[in-house]
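**Q** Got a structure here, written out as structure tokens. Questions coming.
The values are calculated or read from the model by the stated rules, or taken from the named source; none is laboratory data. These figures come from a predicted structure and were not determined experimentally. Positions of Cβ are backbone-derived with ideal geometry, glycine not excepted, and every protein chain shown enters the neighbour counts.
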Amino acid sequence: MRAPLSPGQERLWLLQRLNPRDASYTMYTVRRLRGPLDTGTLEQALADVVARHEGLRTRFDEEDGVPWAVAEPPGAAGSLPPVERIEAGDEEHARRLVAERVNAPFDLAEGVPLRVAVIAIGALDHVLCVTMHHIIGDGWSLGILFDDLAECYTARLHGRAPSLAPLPVQPSDYARWQRRRAERAVPYWQERLADPPPPDLPCGMGSGGSGDEGIRDEGRAGFQIVRMGREVAGELDRLAREHRTTLFTVLMTAYQVLLNRHTGHTDVLVGTAVAGRDRVELEPMIGYLSQTVVLRGDLDGDPSFTELLGRIRHEALTALSRPSVPFERIGHPAEALMPTMFILHTQDLGPTRPFGDLSVGFFPDGYRQVKLGLYAEAWFEDGEIVVSFGHDGSSGSPHEAEAVRRLAERFLLLLESAVAEPHRRISELRVWTGDDEADIRAMAGDGADAPEPDSRGPMVPEMIAETVRRTPGAVAVVCGETEITYGELDRRAARLAAALRAEGVRPGDVVGVCLPRSAEAISALLAVWRAGAAYLPFEPDEPEERLAFSLADAGATHVITTRALPAGLTAVDPLGGEDHAAPDDQGEPAGTRPGDVAYVISTSGSTGRPKGVAVEHRAIAARIRWMREEYGLAPGDRVVQFASLSFDTHLEEVFPTLAAGATLVLLPGGAATLPDLLAAPGGERITMLDLPTAYWHHLVEEIDQIAWPPALRLVVIGGEQASGGAVTRWRGRFGDGVRLVNTYGPTEAAVIATATDLGATPYGRPPIGRPVGATTVHLLDAAGAPVPKGVIGELVIGGVGVARGYLRRPALTAAAFVPDPLGSPGSRRYRTGDRARWNQEGALEFLGRLDGQLKVRGFRIEPGEVEARLLDHPGVGQAFVTVHAEELVAYVTGTATGEELAGHLARTLPRHLVPTAWVVLDALPLTSRGKVDRAALPAPVRTPSAGHVPPSTDAELLVAEIWAELLGVGSIGVNDDFFTLGGHSLLATRIAARLRRGTGVEVPVRTIFERRTVAELAVALEDLLVAELENMSEEEAERLLSSAGS
Amino acid sequence: MIDSPMLVVVNDEEQYSVWWSDREPPAGWRATGFAGTRQECLDHIETVWTDMRPLSARDPETLSVRDPATLSARDR
């Protein structure tokens, strides 16, 4: 007889096919039978049970990829499972034999997935071990099997017929029925589980196991078991009855609170298993009837435990009565829909029927299979509740067991707290243990600003003045062919400072700096400080409207620039002019006060306007001191100035270098020309690079094509999550030879706040380290309380680096810069809006944003600012801005085209805030909760330009092929423009590297920018090849030509 | 974010922020007397915090006596 499978069976069948060695769906019952066991009678009794239950006679055949359940008729030859009889030397041996069996997988193609072993420890001491694949039986079925076996055995011993309940339904009937029911339930689950929250789990579970960087160490998997005493168990039961619900609902509510307190999520998905035997005729059947059902908890608004209990009770009543459907039908991956489970076992209460003359007891099963990243199971034992937390090794941490152990202890603490004070809000329930509290204090960082005990040390201008005094003849700045000594840099700064004063700049003012990458730009920064003012840097091509807005916002009227400025602003020439070199300006700079503002950085503002972050001298001085020390900078170092001056990363490059008397090497052709600089004469002497992580990732992709300087000793990265794969690749090339430091920090906390060396440890998610000097980091939950290891909280930075605030934004400043109860009296700390956790090794892991702020190629972007600007345009109805494949993408409705809108934005926004991909829609897709449904947004599609001319020459074909791969665009024509197709500076680096790999010719990155179409770049490539050939011997030329043709 | 009742608080540098109304403000901070939702507190701060410079930085000619670092920098 052939029957279809139930939806649940189909899923298990598929999972077993995908991973045949997975034993996590092996079900078992293990009992110790003491007394005179009649093994012959036992085998006959087993035959009775198998004859009674169709499921125990069912095998699974495949036909054209479709599985069918095939049951042998009762009593048929070969329908009986083999019974193993084993003599165990002792109890220990018996345990090993049992553990081997319960941890063994089943091959579903091999016949009925049922095995029975009778292990003799002594003449009157046996262990019965029955194992089956979950596809033929659930936990409830194991109880039935053992009960029926006991009854049949007893009946045979007494020579009577067994007394068993009628069995009107068999698994094949059930499967057909369940298939129809599940089909009808699909719409309910699709609606209920739409838009699932990100699947964060406590203790970093799953974080080492996602994507290609996954680390799942099965040796670290296991179970952490805790016990709840009778008294608390009784209280929990009473709490359940008081609220007309079950112990399961109370425990499920507590488990959801546990997840909420670890992840901050108020939308929580937890799976559970229900028996699925709500009809009386299903009760005595052996089969896979249990259902995996997902409960979606709404923990919003910090409800009391009892209020949440009411919500979960309602959810459980609604959800648990419905048949579950395979996750594939709901349209999201299983990890997203059911990241974790909580199960309360109530059926496993031990034998209820006599088993002949035998006394029946438990025997250790040694089960080791972990089904999911993290899940909890609870059951009763002697009036106590036992809770077992299963974890699968996917955190990537060697301390996983300890972390989950603590999680289990926190669960107990939480339950105790909930029964003691059920009317408390969930954020107020006790959950952290004494060890947790100690960790919180130990990990936060010291926050002290004192390299020496009695002095806070000089401010940055004084550090640089000291270098000028010590080594006036040393080279401070290299820009192309130009070299500027410290003495000359100082003279230029003095002259410009005098010019600023003469133009009316006073101490405490803010002065704009809008200059191309040049030595003048560096001396301008120093000159502003020398005049007692703070600098506000801009991109050289900053749109005029934004420049004017930011200056007005900062109350600035003077700009050091060679650009023409709007009316009302005073331009100061960067050279200052000879006439201002008054003798008194040649001396020491006026003492810089620690509380004065050193610089203002304009950052993207979510309300549609940029906001100026003002940072004081004492803050940046502490950072520069730490960097100089930590990066080991000294005369002789050559540090590339990569960052645009409009971002605060430039401070990390410029000032530690100048304070140390080392040399700053500029990139006059733009940051993207770094590979050209490294390959040019002098490039080999570079010792330190400070790069945006996104850019570094691209360089590592082409690691063999970059002329890494032999002198390179340190690379600092930051700005985005570093990829574990890139770190591994980097270390494969450099090992410990070049130090790799990962840094993290917002502009509001003076460039960086945490740092760590990325060393030999393999990483799932490379950490961002620990607080740097004079800095504290606390992770706070939604109620503002610090959280311990493994728990996700908002990253909050204290200490001397905290900025003064946002210029002329009192409410924004007051909201983000809040009292620091753990700092010195009256001090403030900065709430970053970043989510993070302390990993088990005591380093911080960055986990994204609490709000919608984006990072695109290292640039911090408030999509709200771009959206607000788009909505200014009369041709735009709705706008939504997000990131896709390293590109800023705008989804808009209305009549305007992407091209028009890009032009509109370019007048008011800096280039990195202008979307490069545009999708015009009739309407933005929304979820049932009224949010933009990100999953329903179409990916932007690039269309090559009209008038398509296919590439024809070898060079054109090569260029087009590389573009197509890196830009993800098919059929590129010779007149297509690199930037129009979505190219950006990071990709330009890789295009150059690929061309070099394809031809052996050094192609400057600059060329990619200058020759923007396939045709132009192909001509440039041919020219370079010709030039190369002319400088070669014939033999070398042959080799080059043959490699280029391949 | 949990929307509990908040207070407007201010420190000795006359910098404003918000704090939970059921918790004592940290050392160096005092309540101004304004209370409300978080947003109401922020709206209030937007109107009362008119000079955002810390008290010690308001007069460029006057050095802060509270800041020992300033004195040591000047003494050298």
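**Q** Taking segment A:824-862 on its own, how many of its residues are within 11 Å of another protein chain (Cβ to nearest Cβ) and either in a helix (DSSP H, G or I) or among the charged types (D, E, K, R) (or both)?
**A** Here the count works out to 4.
**Q** Filter segment A:791-803 down to residues that are within 13 Å of chain B (Cβ to nearest Cβ) and in contact with a helix residue (DSSP H, G or I) (Cβ under 8 Å, 6 or more places away or on another chain), then give me how many there are.
**A** The number of residues fulfilling the criteria is 3.
**Q** Looking only at segment A:377-397, count every residue that is among the hydrophobic types (A, V, I, L, M, F, W, C) and crowded, with 19+ Cβ neighbours inside 10 Å and tell me the total.
**A** Final tally of qualifying residues: 4.
**Q** A further question follows. Among residues belonging to segment A:113-167 that are among the polar types (S, T, N, Q) and part of a helix (DSSP H, G or I), point out the one that is surrounded by the fewest Cβ atoms within 10 Å (Cβ to Cβ).
**A** A:Thr154
**Q** Here is a follow-up. Go through (1) under 32 Å from the mean Cα position of the chain (by Cα); (2) among the aliphatic types (A, V, I, L, M); (3) outside any helix (DSSP H, G or I) and name the single condition A:Ala935 misses.
**A** (3)
**Q** Follow-up question, since we're still on this one. Any residue at all in segment A:268-291 that is exposed (fewer than 15 other Cβ atoms within 10 Å of the Cβ) and among the basic types (Lys, Arg)?
**A** Yes - at least one qualifying residue is present in segment A:268-291.
**Q** So which residues in segment A:690-732 are buried (at least 22 other Cβ atoms within 10 Å of the Cβ) and either in a strand (DSSP E or B) or among the basic types (Lys, Arg) (or both)?
**A** Those that are buried (at least 22 other Cβ atoms within 10 Å of the Cβ) and either in a strand (DSSP E or B) or among the basic types (Lys, Arg) (or both): A:Asp690, A:Leu691, A:Pro692, A:Val716, A:Ile717, A:Gly718.
**Q** Taking the stated definitions as given, is A:Ala879 modelled with pLDDT of 90 or more, crowded, with 17+ Cβ neighbours inside 10 Å, part of a loop (DSSP other than H, G, I, E, B) and away from chain B (no Cβ under 14 Å)?
**A** Here the answer is no, as A:Ala879 does not meet what is asked.
**Q** Oh, and also: Looking only at segment B:1-41, how many residues end up being among the β-branched types (Val, Ile, Thr), without any contact (Cβ under 8 Å) to a residue 24 or more places away in the chain and either crowded, with 19+ Cβ neighbours inside 10 Å or more than 10 Å from chain A (Cβ to nearest Cβ) (or both)?
**A** Of the residues in segment B:1-41, 2 are among the β-branched types (Val, Ile, Thr), without any contact (Cβ under 8 Å) to a residue 24 or more places away in the chain and either crowded, with 19+ Cβ neighbours inside 10 Å or more than 10 Å from chain A (Cβ to nearest Cβ) (or both).
**Q** Which condition does A:Thr747 not pass, out of (1) β-branched (Val, Ile, Thr); (2) in contact with a Ser or Thr (Cβ under 6 Å, 6 or more places away or on another chain); (3) under 24 Å from A:Arg638 (Cα atoms), if it passes all the others?
**A** It fails just one condition, (3).
**Q** Then there's this: Which residues, taken from segment A:589-638, are surrounded by fewer than 24 Cβ atoms within 10 Å (Cβ to Cβ), acidic (Asp, Glu) and either farther than 25 Å from A:Asp490 by Cβ or within 14 Å of another protein chain (Cβ to nearest Cβ) (or both)?
**A** Answer for segment A:589-638, where residues must be surrounded by fewer than 24 Cβ atoms within 10 Å (Cβ to Cβ), acidic (Asp, Glu) and either farther than 25 Å from A:Asp490 by Cβ or within 14 Å of another protein chain (Cβ to nearest Cβ) (or both): A:Asp596, A:Glu630.
**Q** On to the next question. Mind checking which residues of segment A:731-752 are at negative phi and aliphatic (A, V, I, L, M)?
**A** A:Val738, A:Leu740, A:Val741, A:Ala749, A:Ile752
For (1) surrounded by 20 or more Cβ atoms within 10 Å (Cβ to Cβ); (2) farther than 30 Å from A:Gly764 by Cα; (3) touching a residue at least 24 places away in the same chain (Cβ under 8 Å), each residue gets a yes or a no:
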residue: A:Gln369; (1), (2), (3): no, no, yes
residue: A:Tyr375; (1), (2), (3): yes, no, yes
residue: A:His399; (1), (2), (3): no, no, yes
residue: A:Arg410; (1), (2), (3): yes, no, yes
residue: A:Leu415; (1), (2), (3): yes, yes, yes
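**Q** What number goes with the only condition from (1) away from chain B (no Cβ under 14 Å); (2) out of contact with any Gly (no Cβ under 8 Å at 6 or more places or on another chain); (3) surrounded by fewer than 22 Cβ atoms within 10 Å (Cβ to Cβ) that A:Pro821 does not pass?
**A** That leaves (1) as the condition not met.
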